[in-house]
Amino acid sequence: MLKTETPAQEHSELDEYPTAQLVTVLVDDQLGAVNAVRAAAPRIAEAVQAALPRIEAGGRLIYVGAGTSGRLGVLDSVELYPTFSWPQERALALLAGGSGAMFVAVEGAEDDSVQGAADLNAVRPGPNDVVLLLAASGATPYVLGALRAARAVGALTVGFANNTDAPLVLEAEIGVTLDTGSEVISGSTRLKAGTSQKIALNTFSSALMVRLNKVYGNLMVDLKPTNAKLVQRAVRLTMFATGADEGAARAALEQCNFHVKVAIVALAKKTSIDQARALLERAHGSVRQALTA
């Protein structure tokens with residue numbers, strides 16, 4: 001039996017726990033997710049390094065999964081645009097059962113390997129694309145179908161699974177095992193298995209964006225200010241990075257459509273917005289290199 005399906009022996013009387021103990025057990029078990037991702041950190045780093053040249057060459061991130069895993073892929077993909085101004089057309093998410101399965105479970109969709117391959121092929125993957133495949137069991141047919149289609153066209157495949165020696169880990173170019181073991185509620189991989197996948201995806205995509213010069217120091221300098229909160233964050237980031245007051249920061253941002261990178265370089269170098277953009281372009285988007293040019 002798969003580890004993710006094996007009942008946890010230490011909690012065989014879970015339904016009889018007092019509520020306070022029940023909640024504590026559920027919370028404490030989530031620590032296993034952190035430990036599993038920590039153990040897999042070298043493989044995640046390998047995936048980032050392998051993905052970087054392909055993404056720099058114009059490739060896309062394509063997430064594939066079913067159920068909880070698929071929804072976590074959707075979540076990671078959609079957050080890249082407001083956080084890092086990552087083009088929406090370069091972060092795609094394929095979910096077994098289609099977009100409607102984000103809100104309502106589509107029974108049986110995960111069992112269709114042919115549909116997994118068809119959905120992947122429908123987005124016309126190429127050798128510069130990075131396909132992130134997620135399945136707690138590591139054997140979900142929909143995900144394996146997409147994996148094999150991706151490998152057939154030479155895309156980089158990164159498989160995330162929560163069972164050791166799972167087909168997804170073994171067949172992907174880079175397999176990442178998140179060994180979370182049994183769940184407190186047996187087989188409910190929306191618990192720490194899902195949490196580990198969320199952490200792993202956050203780690204992978206965030207590290208990749210740092211390598212793509214979308215972070216200066218630890219500042220989110222390539223965010224897309226799509227709401228009032230993010231506009232104010234852009235102002236604060238610019239002030240923090242340059243020492244400018246709020247008026248100067250906002251004035252610079254208004255001249256460059258609230259592109260924090262450009263405002264920082266313009267203010268710090270005491271140059272025009274156009275010159276700041278040119279410096280950043282020559283520095284491949286690196287604020288640090290633009291400031292030393």
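Overview of values
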quantity: Check: region 1-83 dipole with +1 on Lys, Arg Cβ and -1 on Asp, Glu Cβ, in debye; calculated: 620
quantity: Rounded percent of accessible protein surface that carbon and sulfur make up, region 246-293, 1.4 Å probe; calculated: 48
quantity: Karplus 3J(HN,Hα) series, Hz, for region 101-114 with 6.51 cos²θ - 1.76 cosθ + 1.60 (x for Gly, Pro); calculated: 5, 5, 10, 9, 4, 9, 5, x, 4, 6, 8, 9, 5, 5
quantity: Å² per residue, accessible surface of the chain at 1.4 Å; calculated: 47
quantity: Given charges at beta-carbon only (K, R positive; D, E negative), |dipole| of the chain in Debye; calculated: 1700
quantity: Enclosed volume per residue, in Å³, of the convex hull spanned by Cα atoms of region 1-63; calculated: 143
quantity: Positive minus negative residues near ALA172 (Lys, Arg vs Asp, Glu; Cβ under 15 Å); calculated: -1
quantity: Sulfur and carbon atoms: percent of accessible area, region 1-134 [1.4 Å]; calculated: 56
quantity: Calculated Rg and Dmax of region 145-210 using C-alpha coordinates, Å; calculated: 13.1, 40
quantity: Percentage relative contact order, the chain, counting C-alpha pairs under 8 Å, at least six apart; calculated: 20
quantity: Global form of region 199-293, assessed from the alpha-carbon gyration tensor, a/c cut-off 1.5; calculated: oblate
quantity: Per-selection Kirkwood Rh - region 1-117 (Cα, Å, 1 d.p.); calculated: 17.5
quantity: Percent of beta bridges antiparallel (DSSP, the chain, rounded to nearest 5); calculated: 5
quantity: Given (i) 13.7; (ii) 17.3; (iii) 18.6, the label whose value is mean projected area of the Cα convex hull in nm² derived from this model; calculated: (ii)
quantity: Cβ crowding within 10 Å averaged over residues, with 92-103, 136-147, 70-81 ranked highest first; calculated: 136-147, 70-81, 92-103
quantity: More than 14 angstrom apart: percent of Cα pairs within region 83-136; calculated: 62
quantity: Charge dipole magnitude, Cβ of K and R +1, D and E -1 - region 231-273, Cα centre, debye nearest 20; calculated: 140
quantity: Neighbour net charge for ASN202 - beta-carbon separation under 11 angstrom, K R +1, D E -1; calculated: -1
quantity: Accessible-area composition of region 145-223, carbon plus sulfur, in percent [1.4 Å probe]; calculated: 46
quantity: Lysine pairs meeting the criterion (Cα under 23 Å, 8 or more apart or interchain), as found in the chain; calculated: 14
quantity: Reciprocal mean inverse distance between Cα atoms of region 39-195 - Kirkwood radius, Å; calculated: 15.4
quantity: Where the Cα pairs of region 55-114 fall when distances are cut into 5 Å bins, in %; calculated: 4, 19, 27, 20, 14, 9, 5, 1
quantity: Computed [θ] at 222 nm, helices only, for the chain once each DSSP H run of length n ≥ 4 contributes -39500 (n - 2.57); calculated: -16000 deg cm²/dmol
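The values are calculated or read from the model by the stated rules, or taken from the named source; none is laboratory data. No experiment lies behind these values; they were computed from the predicted model shown. All Cβ positions, even for glycine, are placed from backbone atoms using ideal geometry, and neighbour counts span all protein chains on display. These accessible areas exclude ligands, DNA and RNA; they are computed on the full protein's heavy atoms, side chains included. Shrake-Rupley method; radii C 1.70, N 1.55, O 1.52, S 1.80 Å.
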